[in-house]
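What follows is a single structure, written as structure tokens, with notes after it.
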Amino acid sequence: MSNKRYFAPPGSEKKLEKSEFKFFLTGGVGLENPLPNPAPTWLPDKSWDEVCRLADFPALQPLREELTSNPDIWKPLYDSKEPQNLALPGKWDESTTPFQKLLILRCLRADKGVDEVVKHLLSFPSLDNRPLVDQQLTFRVVHLYIWEGS
């Protein structure tokens, strides 16, 4: 069973992008970041570098500019004991897929990304095997007889 549609909104035909999944696993690969951290007192440079690499994804590109212009709206998410249970600031909660939210969480609070993945996997819908069984029951029996010396 493929989980490519799992993190897309219900009823959506969107699929999990391979590049987004790769970013989730690695945090992206990049050279030294020339952009200064807009909130060095609370945002680790590693997190800022990953946010900057998120700009490679069109849907997440504005995040870097928003974090630069208004870092204070993101601080409560960073400071929270359970940031995975908070709504993202501004338009981000409505305009991103659940997996893109997970990417943002991974950048800002990597320690909580695993918790969120576990939550999604535990709520993974079970497979309904009935259509598969019904399909398999519509077959013809073929007998093959083999005689010695034939």
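The values are calculated or read from the model by the stated rules, or taken from the named source; none is laboratory data. These figures come from a predicted structure and were not determined experimentally. Ideal geometry is used to build each Cβ from the backbone, glycine not excepted, and the neighbour counts take in all protein chains shown.
Of all residues in region 79-95, those that are on the phi > 0 side of the Ramachandran plot have Cβ atoms under 8 Å from Cβ atoms of residues that are part of a helix (DSSP H, G or I), 6 or more apart or on another chain, in Gly90/Glu66; Gly90/Ile73. Within region 68-81, the set of residues being buried (at least 16 other Cβ atoms within 10 Å of the Cβ), part of a helix (DSSP H, G or I) and under 20 Å from the mean Cα position of the chain (by Cα) comprises just one member, Leu77.
So that you can scan it fast, the table gives a plain yes or no per residue for (1) modelled with pLDDT of 90 or more; (2) under 17 Å from Ser19 (Cα atoms); (3) small (Gly, Ala, Ser); (4) touching a His at 6+ places or on another chain (Cβ under 9 Å):
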position: Gly30; (1), (2), (3), (4): no, yes, yes, no
position: Arg53; (1), (2), (3), (4): yes, yes, no, no
position: Asp79; (1), (2), (3), (4): yes, no, no, no
position: Ala87; (1), (2), (3), (4): yes, no, yes, no
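If you go through region 40-65 and keep only what is buried (at least 17 other Cβ atoms within 10 Å of the Cβ) and over 20 Å from the mean Cα position of the chain (by Cα), you end up with just Leu43. For region 40-56, filtering for residues that are part of a loop (DSSP other than H, G, I, E, B), in contact (Cβ under 8 Å) with a residue 12 or more places away in the chain and closer than 15 Å to Ile104 by Cβ leaves 2.
For (1) within 16 Å of Ile104 (Cα to Cα); (2) part of a helix (DSSP H, G or I); (3) modelled with pLDDT under 85, each residue gets a yes or a no:
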residue	(1), (2), (3)
Lys4	no, no, yes
Phe7	yes, no, yes
Pro10	no, no, yes
Leu16	yes, no, yes
Leu25	yes, yes, yes
